[in-house]
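Okay, structure first, notes after.
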Amino acid sequence: MISTRPKVDELVFQLYGRSMHPELFEIQETREIDRGGYRASVSITSAGHVVTWRRGGLTLTEVATSASQPLPQKRRLLSHRLRGERNDRMECRGGSTYQMAFQLETVEPEVFWNFQRELCVDGGKSGLFHRFDSGVRMALGAVSWVNVETRARSLLVQAFHTFPDDLAIVKTQSLFETPA
C-alpha cells in the first residue's frame, strides 16, 4: 500500500471489468451512490481515486494510481500512463458506455499555488475533498477534489489531484451511462 503521494511521472489511469478490494488502496474519503439502475462508490486515495460503478451484472472500476501499486492484470480493460492528454470510450455489454478524459499539466509555481488555494477554498463546499499532510519539502500538502454529478441514466465524475513536489495538476473526467 502506498503511504505517501507518488511522483507524478509514476501515475497510471486504468479501467477494470471487475471490482477491486478496498484494502489495495489507502482510502481517504468515500461517497456511495444508488441512483436509477446503477450503484457507485467514489473514493479519494493516497495516489488519486477509485470509482466502482455497477449496473445489473456489469462492474466497471476506474483507478488513478501509481504504476508501482500492485493491481491485478485480470479483466483490465484499459491502461494509460497519466501523461499529457488522453480520451477514450468503451461500449460495454447491455448497452452501457464508459467515456474518460484526463490531462496532466505541469505549471509555474504561482499558477500551481493559486489553483491549489482555490481548490482548498471551494473544494470543501461540495463533492469529496481531502487535503494531505505536507511533505518535508513543501509547506502545503497535496489536495484531491472529486465532484460527482448523478442523473437517472448517468454518473459524471470530475477529479482534480495536485502534486506539489512536481508542480503538477491531474484533471480527469469520466462518464458512466446506462442505455435508454
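Rule-based calculations on the coordinates, nothing more; no lab input. None of these values were measured; they are calculated from a predicted model. Heads up, the Cβs are rebuilt from the backbone with ideal geometry, glycines too, and the neighbour counts pull from every protein chain shown.
Among the criteria (1) over 27 Å from Thr106 (Cα atoms); (2) among the small types (Gly, Ala, Ser); (3) in a strand (DSSP E or B), the one Ser19 does not fulfil is (3). In this structure, is Leu140 part of a loop (DSSP other than H, G, I, E, B) and without any contact (Cβ under 8 Å) to a residue 40 or more places away in the chain? It is true that Leu140 is part of a loop (DSSP other than H, G, I, E, B) and without any contact (Cβ under 8 Å) to a residue 40 or more places away in the chain.
Return a yes/no flag: does segment 81-98 have any residue that is in a helix (DSSP H, G or I), touching a residue at least 24 places away in the same chain (Cβ under 8 Å) and either among the aliphatic types (A, V, I, L, M) or in contact with a strand residue (DSSP E or B) (Cβ under 7 Å, 6 or more places away or on another chain) (or both). Spell out the reasoning first.
So in segment 81-98, the residues in a helix (DSSP H, G or I) come out as 93-95.
Add one more test, that the residue is touching a residue at least 24 places away in the same chain (Cβ under 8 Å), and what stays is 93-95.
Those left that are additionally either among the aliphatic types (A, V, I, L, M) or in contact with a strand residue (DSSP E or B) (Cβ under 7 Å, 6 or more places away or on another chain) (or both): 93-94.
Taking every residue of segment 81-98 in turn, at least one turns out to be in a helix (DSSP H, G or I), touching a residue at least 24 places away in the same chain (Cβ under 8 Å) and either among the aliphatic types (A, V, I, L, M) or in contact with a strand residue (DSSP E or B) (Cβ under 7 Å, 6 or more places away or on another chain) (or both).
Looking across Val42, Val8, Val12, one residue alone is under 19 Å from Glu177 (Cα atoms) and in contact (Cβ under 8 Å) with a residue 40 or more places away in the chain. It is Val42. Among the residues of segment 46-68, those identified as touching a residue at least 40 places away in the same chain (Cβ under 8 Å) and of a type in the set (Ser, Thr, Tyr) are Ser46, Thr59, Thr61, Thr65, Ser66, Ser68. For the structure I just gave you, tell me whether Ala168 is of a type in the set (Gly, Ala, Ser), under 16 Å from Val12 (Cβ atoms) and under 13 Å from the mean Cα position of the chain (by Cα). Judged against the criteria, Ala168 is not a match.
Can you pull out the residues in segment 44-80 that are within 16 Å of Asp9 (Cβ to Cβ) and in a strand (DSSP E or B)?
Ala64, Thr65, Ser66, Ser79, His80
Among the numbered conditions (1) surrounded by fewer than 17 Cβ atoms within 10 Å (Cβ to Cβ); (2) part of a loop (DSSP other than H, G, I, E, B), the only one that Arg5 does not meet is (1). When you check Ser41 against the structure, is it surrounded by fewer than 22 Cβ atoms within 10 Å (Cβ to Cβ), part of a strand (DSSP E or B) and of a type in the set (S, T, N, Q), yes or no? For Ser41, the condition - surrounded by fewer than 22 Cβ atoms within 10 Å (Cβ to Cβ), part of a strand (DSSP E or B) and of a type in the set (S, T, N, Q) - is met.
Any idea which of Val8, Val42, Val12 is touching a helix residue (DSSP H, G or I) at 6+ places or on another chain (Cβ under 6 Å) and not small (Gly, Ala, Ser)?
Exactly one residue qualifies, and that residue is Val8.
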